[in-house]
Amino acid sequence: MQITNFSDFCEKEVINCRDGKRVGFPSDLKFDAECGKIISFSARDGGKLCFGKSGNDAVVPWDNIEKIGDDVILVNLEWFSQGKPQKEKEKAGKKSFF
């Protein structure tokens, strides 16, 4: 078992292992107070601040962590690699996506 403190955890960059995209840096933890287990953490793109709220935080379920390394946290986020949902549009008999 690897033990780290929250400030060290916040220094690690979060990377989505599905596509190698940068998710951000941990900014907040959500845990179950009754059993003491961490449920998820928020990752903020744009810096190593471990406090405060932002509307652009990605919520990463704790079970989606693949590996916590010295400098990075590898996570498996299918929804993050897909980006925003695509809208289908009919144009001259052809379907195009944007």
* **Condition check for Phe9: in a helix (DSSP H, G or I), surrounded by 15 or more Cβ atoms within 10 Å (Cβ to Cβ) and modelled with pLDDT of 60 or more** => yes
* To do: State whether one or more residues within the range 70-84 are assigned to a loop (DSSP other than H, G, I, E, B), at pLDDT below 90 and either surrounded by 14 or more Cβ atoms within 10 Å (Cβ to Cβ) or out of contact with any helix residue (DSSP H, G or I) (no Cβ under 6 Å at 6 or more places or on another chain) (or both).
  => yes
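The values are calculated or read from the model by the stated rules, or taken from the named source; none is laboratory data. Since we're looking at a predicted model, the values are computed, not measured. Here Cβ is always computed from backbone atoms with ideal geometry, including for glycine, and neighbour counts include all displayed protein chains.
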